[in-house]
Amino acid sequence: MQMQKKLIVVALAAAAFSTSALADTGNVSIYGKADLSFDVISTGSSAAGVAGASKNNVSSNVSKLGFKGSEGLGDGLTAVWQIEQQINMDETGGNFGTRNTFLGLKSDSMGTVLMGRHDTPYKLATRSLDIFGDSIADNRALLGGVTSPSTVDSAFAAFDGRQPNVLAYITPNLNGFTGAIAYVNLAEANTTSAQAKSNALSLMGSYKADALYAALGYEEHKLSSLLGTKESAWKLGVGYDIDALGLGFVYEKTDDNAGALGANARGHNAYYLSGKYKMGMDAFKIAYGKAGQLGATANTDANQFSLGYDHGLSKRTKLYAIYSRINNGTASNYGLSQSTASAGTVNGVGASPSVFSFGMQHNF
């Protein structure tokens, strides 16, 4: 009888501890995405006559795992946090907290202030308009200030990027209008006096009402004396849904004073057009992107054409097929992006890489 009483006490204590632990972590959500594809890639032949290569890859396409939570502080104020990292499910490696990872305060009436690593407002303005976003056909192969994998870069620091050392403010939704502004310390990891003042300012404003979405973005990078004076970009994005058909358009223009490379060496314009048609659980997608000549350097333009088909197995799981091709000018070498396979798609200037990608995505 005494032994039974002890067991009951232990069981009650364990239950109390378990309930307390759950209460303490009840504001934590675990979420993520698993996205893997089998890619058949051709790198294309370069302008110098370097033969292209064909390869097959099992690729992870921005698979991710995240933790987020909040705590109500009263009077409409909430503490918010998030830790998110990319998981390369086809290989090992990677660091913790590589994606949007931040701590901040959110007010129902005043908006949100946060610090950490975060997408710039410039990036947030038009990411939703990329119907192939986070796949090997992502439009950031040409747009947003390309710094990788191309070696003919179109920016010193990516505009359409996720930056560390960010202080940002995001307004509440005001009858469809949302704005954001962020300061980025680009030089925090650098200790030399020449780079001590490098920073960025990023802004965006958007409007969403029924079928219409419109956004403007601007970003300026004040660079070190070794890299030039500054580089800047602005863009306009518009999306419109007509029943089952969704249309998108993005226009972007960049300018810079690139120091040793010469004035406006990377300055250019680019645009992106897309269409998506839904039929029940299926969707057909088509997109075209064009990047203009970089500064005064001839034949540094490129374009990208992509086709896709999605078949939904549920609200969270789908199968997909993608074809994408980049046609480079004879002096440019843009490559495919956002997949673990994309780093090997650049084969020198003038090459035109292409891919057939067959994959599965599950969101949780």
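Overview of results
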quantity: Considering residues of the stretch 100-139 that are charged (D, E, K, R) and over 30 Å from Ser42 (Cβ atoms) only, the residue modelled with the lowest pLDDT; calculated: Asp108
quantity: Residues (free of Cβ contacts under 8 Å to residues at least 40 places away in the same chain and among the aliphatic types (A, V, I, L, M)) located in the stretch 308-364; calculated: Leu313, Ala321
quantity: Pair list, Cβ < 7 Å and 6+ apart or interchain, from the stretch 66-79 residues that are of a type outside the set (Gly, Ala, Ser) to residues that are not in a strand (DSSP E or B); calculated: Glu71/Asn27
quantity: Residues of the stretch 214-234 satisfying the condition of being at pLDDT 95 or above and touching a Phe, Trp or Tyr at 6+ places or on another chain (Cβ under 7 Å); calculated: Ala214, Gly217, Tyr218, Glu219, Ala233, Trp234
quantity: Among (1) within 24 Å of Ser332 (Cβ to Cβ); (2) at pLDDT 95 or above; (3) exposed (fewer than 15 other Cβ atoms within 10 Å of the Cβ) - the single one Ala260 does not satisfy; calculated: (2)
quantity: Top-ranked residue of the stretch 329-359 - restricted to ones that are of a type outside the set (S, T, N, Q) and within 28 Å of Gly312 (Cβ to Cβ), ranked as surrounded by the fewest Cβ atoms within 10 Å (Cβ to Cβ); calculated: Phe358
quantity: Identity of the residue in the stretch 78-99, within 30 Å of Ile41 (Cβ to Cβ) and β-branched (Val, Ile, Thr), that ends up surrounded by the fewest Cβ atoms within 10 Å (Cβ to Cβ); calculated: Thr92
quantity: Residue ranges of strands (runs of 3 or more DSSP E) in the stretch 43-153 with at least 1 members in contact with an Asp or Glu (Cβ under 8 Å, 6 or more places away or on another chain) and among the basic types (Lys, Arg); calculated: 64-74
quantity: Residue list for the stretch 48-77, restricted to those being of a type in the set (D, E, K, R) and either at positive phi or surrounded by 11 or more Cβ atoms within 10 Å (Cβ to Cβ) (or both); calculated: Lys55, Lys64, Lys68, Asp75
quantity: Positions within the stretch 158-183 being surrounded by 19 or more Cβ atoms within 10 Å (Cβ to Cβ) and within 30 Å of Ala302 (Cα to Cα), in sequence order; calculated: Ala158, Phe159, Asp160, Gly161, Gln163
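Per-residue answers, yes or no, for (1) out of contact with any Gly (no Cβ under 8 Å at 6 or more places or on another chain); (2) over 18 Å from Ser202 (Cα atoms):
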site	(1), (2)
Ser107	no, yes
Ala125	no, no
Ser128	no, no
Gly145	no, no
Asn165	yes, no
Gly176	yes, yes
Ala182	yes, no
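The values are calculated or read from the model by the stated rules, or taken from the named source; none is laboratory data. As the structure is a computational prediction, the values presented were derived from the model and not from experiment. Cβ atoms come from the backbone with ideal geometry, glycine included; neighbour counts cover every protein chain shown.
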